[in-house]
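One structure below.
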Amino acid sequence: MPLKKISLFMIGKIAKLMSLIIAVSIISFLLIKHSPIDPIQSYIGADMSRVGPEQREKLEEYWGLNEPLTTQFFSWAQSIFHGDFGTSLLYRSPVINVIADRFLASLALMGMAWIFSGLFGFVLGVVAGLKRGKMIDRIIKGYCFLLSSTPTFWVGLLLLIIFSVWLGWFPVGLSTPVGILTTEVSLLDRIHHLLLPAITLSIIGVANVALHTREKLIDVYNSEYIRFAKASGEKGFILFWRHGLRNISLPAITLQFTSFGELFGGAVLAEQVFSYPGLGQAIVQAGLGGDVPLFLGVVLFSVLFVFIGNTIADLLYQWVDPRLRKGEIR
């Protein structure tokens, strides 16, 4: 890929990211300001009844809440630009530190679920496409259609009841055993707590990958060059390996990396069901507890996370499909 095209590609992506962050920042800020959340009450908590009108006015003046919305927004945006996301009202810690700590736990959960859903969905899609119209194809399609209409939290509750409560194979929740210091928790203990939430999150993501891979493989096998390959004596796995795999890899990669938004949204529900201390649980607590700085910080971070996934998908396009390397990057 020429250096000039790479430069233009990155400049375009950075410009899109900046415009997206600005738009999301404005919309999120306005929604928070017009919501029933009272930041002062959230900060003080149960002792709010002891705060008089004069003390409240002083707090509003100290935080700049008595300023016009435009002044408040630009003041907040300026702090964000300098890396100051504010202080979390719930955790009494800088927002950036809370996000960094929680993101590591969420990254492990989403990473495992992302790999499981991609591999399992791709294999199911290939099997269904190769066995089109047969019983195994109908079973896989029915399984995928059922998953597509099933909420993540319901699947999580079902798996929690069966494998944690009834069978006792997995812990009920949390990311580490109760009553053990973090330094004493082994890797196997962490994986044991991580498996059931990851399986819950990956089950939902299987359907889209499997169905799209199946349809793409069917289209490929109906093409003229596949008919020519069959006439040349190629068949079975050799035919799929030489002519089918590369053509169906592109949509599968696309779905995987563009599903970062759905993955993050599913992680929010899965973490709530399993009480998993990740970023998804933090944003729910921030919303319910009126922690505006943490809520806005997680929103901006999620935008960046999803955008990076889409950018990686665009870059992989160039590597998977030679036709895109020869053309213009968009």
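Set the bar at 23 Å for Cα to Cα. Now go through 134/216; 13/216; 134/235; 131/235 and name every pair that lies beyond it. Don't skip to the end; give the middle numbers.
Numbers: 134/216 17 Å; 13/216 28 Å; 134/235 19 Å; 131/235 14 Å.
Those over the limit are 13/216.
Quick check for me: using +1 on Lys/Arg Cβ and -1 on Asp/Glu Cβ, what's the dipole size of the chain about its Cα centre, in debye to the nearest 20?
On the way: 27 positive and 22 negative charges, 415 e Å.
It comes to approximately 2000 debye.
Using the Cβ atoms and a cut-off under 13 Å, what net charge is assigned to the surroundings of residue 305, where Lys and Arg are +1 and Asp and Glu are -1?
Details: positive: 102; negative: 262.
Cβ neighbours under 13 Å give a net charge of 0.
How far, in nm, would the chain grow between residue 150 and residue 101 when pulled straight, counting 0.36 nm per residue and subtracting the alpha carbon separation? Please list the in-between numbers first.
Values: separation 49, 0.36 × 49 = 17.64 nm, distance 3.05 nm.
Gain on extension, residue 150 to residue 101, equals 14.6 nm.
At 222 nm, what value in deg cm²/dmol follows for the chain if DSSP H runs of at least 4 each add -39500 (n - 2.57) and the sum is divided by all its residues, to the nearest 500?
Details: 15 runs with 239 residues, N = 330.
After summing the helix terms and dividing by residue count, I get -24000 deg cm²/dmol.
No value in this document is a laboratory result; all are computed from the given coordinates. Please read all numbers here as calculations on a predicted model, not as lab measurements. Using ideal geometry, Cβ is built from the backbone for each residue, glycine included, and neighbour counts are taken over all protein chains shown.
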